[in-house]
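The values are calculated or read from the model by the stated rules, or taken from the named source; none is laboratory data. Just so we're clear, the structure is a prediction, and the values are computed from it rather than from any experiment. Quick reminder, even Gly has a Cβ in these numbers, built from the backbone with ideal geometry, and neighbours come from all protein chains shown. For accessibility, only protein heavy atoms count, side chains too; no ligands or nucleic acids. Shrake-Rupley method; radii C 1.70, N 1.55, O 1.52, S 1.80 Å.
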Amino acid sequence: MTVLIDTLSDKDVRPRHPEKMRIEETPTPRKPDWIRVRAPGLGGEYGKTRDILRSHGLVTVCEEAGCPNISECWAQKHATMMIMGEVCTRACAFCNVRTGMPEPLETDEGERVGKAVAELGLSHVVITSVDRDDLADGGAAHFACVVREVRARTPKTTIEILTPDFLRKDGALGILLQERVDVFNHNLETVPRLYPSIRPGARYYHSLRLLEQAKEIDKRVFTKSGLMVGLGETREEILQVMDDMRCAGVDFITIGQYLRPTRRHAPIDRFVAPEEFDTYREIAAAKGFLLAASGPMVRSSYHAGEDFRRLQASRLAQQS
């Protein structure tokens, strides 16, 4: 089923610089008991993961986005690689990645990522990137090169890519998906009503169409998308986004609590109770998602390897 196209103009979706977003620096409410974040350890497997990444000069979204699960994941040698630099051309109100004009692409980045994946012994790797609106193809060819290098060095490693939206970059998705990946992930992040304030450089229906197109290009690929809650959305809006995802053929949904990185980011509207997350997971299963991860600390690449294996099992069960 083809999804609808929205009518936002280019003016509506032009990337904005953080200081122009005029987000009021308000206090962040105290976290409830169910939001627990462990401080990172300095040694052990966490330290080994950090040292391997540093030795190859790599950036991770775990650090740049201030992921609350970094301690747990790095202790298991799981890290989400963030390619194409650490400066983003977008200024989303929820994201802690720095906004500005990025540096030129590093031609040896794919080789370095491939070596790190091999050294970490990853059976499943998530590769993401900043938005690169400054590049003609949004960085799609570079992204494909990184995937190719990982595949060449560790052919048994399953690869999940978490991509930007390639807005106004015709043909970019086709370039990227020339390389075989196992999971294509692109996060819708929030409900369409909140896009102008939360994700001003993006377009909801464009992102939805991107997910649908990934399936059209490669019918074998699993598609995945995620939502943050606690930004002011309603239950009805969340359920509508679930329906939109299913119409676009999305296999796997993640839903997690928005946590404000700093006082200059979008404020938290509310902390969603664990019971509500449980309900969303049950509803997502009823709507036909092969897999739904829903909980306060759920993030797009959290437990991605285990989730991929469950996705495979679910698809095999449907086919039998």
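See the values below:
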item	result
Tally, over region 265-274, of residues that are of a type in the set (A, V, I, L, M, F, W, C) and open to solvent by 10 Å² or more (accessible area, probe 1.4 Å)	3
Residue in region 113-124 that is of a type outside the set (A, V, I, L, M, F, W, C), crowded, with 22+ Cβ neighbours inside 10 Å and more than 19 Å from Cys88 (Cα to Cα) present	yes
Residue satisfying all of: in region 28-84; among the basic types (Lys, Arg) and open to solvent by less than 70 Å² (accessible area, probe 1.4 Å); modelled with the highest pLDDT among these	Arg50
Residue that is open to solvent by 20 Å² or more (accessible area, probe 1.4 Å) and modelled with pLDDT of 95 or more, where the choices are Asp278, Asp218, Asp251	Asp278
Boolean, Leu316 is open to solvent by 60 Å² or more (accessible area, probe 1.4 Å) and free of Cβ contacts under 8 Å to residues at least 40 places away in the same chain	yes
Residue match in region 174-187 (condition: more than 21 Å from Tyr205 (Cβ to Cβ) and buried (at least 19 other Cβ atoms within 10 Å of the Cβ))	yes
Residue within region 82-95 that is more than 30 Å from Ile268 (Cα to Cα) and in a loop (DSSP other than H, G, I, E, B) present	no
Residues that are closer than 10 Å to Val191 by Cα and not acidic (Asp, Glu), drawn from region 225-234	Leu227, Met228, Val229, Leu231, Gly232, Thr234
Test: residue in region 194-211 that is in a loop (DSSP other than H, G, I, E, B) and free of Cβ contacts under 8 Å to residues at least 12 places away in the same chain	no
Failed condition for Thr262, given (1) under 21 Å from Cys92 (Cα atoms); (2) crowded, with 22+ Cβ neighbours inside 10 Å	(2)
Positions within region 153-193 being among the hydrophobic types (A, V, I, L, M, F, W, C) and either over 19 Å from Met245 (Cα atoms) or in a strand (DSSP E or B) (or both), in sequence order	Ile159, Ile161, Leu162, Ala172, Ile175, Leu176, Leu177, Val181, Val183, Phe184
Hits in region 111-139 (condition: without any contact (Cβ under 8 Å) to a residue 60 or more places away in the chain and over 20 Å from Ser301 (Cα atoms))	Glu111, Arg112, Lys115, Arg132, Asp134, Leu135, Ala136, Asp137, Gly138, Gly139
Index of the failed condition, Ile127 passing every other in (1) β-branched (Val, Ile, Thr); (2) buried (at least 24 other Cβ atoms within 10 Å of the Cβ); (3) modelled with pLDDT under 90	(3)
